[in-house]
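First comes the structure, then the notes that go with it.
The values are calculated or read from the model by the stated rules, or taken from the named source; none is laboratory data. Since the model is a prediction, treat every value here as computed from it, not as a measurement. Every residue, glycine as well, gets a Cβ built from its backbone with ideal geometry; the counts of neighbours run over all protein chains shown. Note: areas computed on protein heavy atoms with side chains; ligands, DNA, RNA excluded. Shrake-Rupley method; radii C 1.70, N 1.55, O 1.52, S 1.80 Å.
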Amino acid sequence: MSNNPPPQFPQGQYPQQPYGQQPYGQQPYGGQYPPQMPPARKRKKWPWILGGIILLFVAMVGGCVALIGGAANEIDKEMNREVIVTYRVTGTGTGSITWTDKDFNMAQETDAPLPWEKQVTVSGFGKIASLTVTNSSDDGATSTCEIVVDGEVKYTQTAKGPFASANCSGSVG
């Protein structure tokens, strides 16, 4: 190898080259070859599939939360809804009367003169009313219990004879 510098040519002039060869790596006849494109990469499908599964899962969870929230709201409304119940006992003589109040507590009145009536407000999830009347010791004692909701008799029962009982109970909601 020599340390001689390469020959200098004036701009646009090149040394004579054999036929078909161009100086400095130029294409023959001035033609251009298109640049080589790298091969197209195949897109992976698994991220799209995984994304779809995750989206479906999120939609299902959201739907369940909405459904549970709606049900909880309806339960809360039902719990707070109040129903006016009228307990009514008709008959002759006196009787021992037992009933449930707003908080399902039992209340009782003994030797109550008939007819007898009491109005209570019932609330909660299971709106249940109960009324029981027991006749006095009179031979001809007769009594009828009624549970009335919105002007309509929901439950009724009659007891005839001494110490006979009539029991009315059920849902009033």
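Observations on the structure shown:
- Selection count where residues are part of a helix (DSSP H, G or I), among the acidic types (Asp, Glu) and closer than 30 Å to THR156 by Cβ, scope segment 34-87: 1
- Selection within segment 98-114 - open to solvent by 20 Å² or more (accessible area, probe 1.4 Å), of a type in the set (Val, Ile, Thr) and closer than 25 Å to GLY151 by Cβ: THR98
- Residue in segment 136-154 that is open to solvent by less than 90 Å² (accessible area, probe 1.4 Å) and touching a Phe, Trp or Tyr at 6+ places or on another chain (Cβ under 6 Å) present: yes
- Output for segment 156-166, where each listed residue is surrounded by fewer than 19 Cβ atoms within 10 Å (Cβ to Cβ) and touching a Cys at 6+ places or on another chain (Cβ under 7 Å): THR156, GLN157
- Cross-chain or 6+ apart pairs with Cβ under 8 Å, segment 73-97 first and farther than 12 Å from VAL149 by Cβ, then hydrophobic (A, V, I, L, M, F, W, C) and surrounded by fewer than 16 Cβ atoms within 10 Å (Cβ to Cβ): ILE75/PHE125; GLU78/PHE125; MET79/PHE125
- Only a single item in (1) touching a residue at least 24 places away in the same chain (Cβ under 8 Å); (2) part of a strand (DSSP E or B); (3) under 22 Å from ASP111 (Cβ atoms); (4) not hydrophobic (A, V, I, L, M, F, W, C) is not met by ASP138, and it is number (2).
- Scanning segment 62-72 finds one or more residues that are over 24 Å from PRO162 (Cβ atoms) and either touching a strand residue (DSSP E or B) at 6+ places or on another chain (Cβ under 6 Å) or β-branched (Val, Ile, Thr) (or both).
- The residues of segment 148-173 that are among the aliphatic types (A, V, I, L, M) and outside any loop (DSSP other than H, G, I, E, B), listed by number, are VAL148, VAL149, VAL153, ALA159, ALA166.
- Subset of segment 119-133 [free of Cβ contacts under 8 Å to residues at least 40 places away in the same chain and farther than 11 Å from THR98 by Cα]: GLN119, VAL120, THR121
- Condition met for GLY95 (buried (at least 16 other Cβ atoms within 10 Å of the Cβ), part of a loop (DSSP other than H, G, I, E, B) and out of contact with any Gly (no Cβ under 8 Å at 6 or more places or on another chain)): no
- Search result, residues across segment 122-135 that are out of contact with any strand residue (DSSP E or B) (no Cβ under 6 Å at 6 or more places or on another chain) and open to solvent by less than 60 Å² (accessible area, probe 1.4 Å): SER123, GLY124, GLY126
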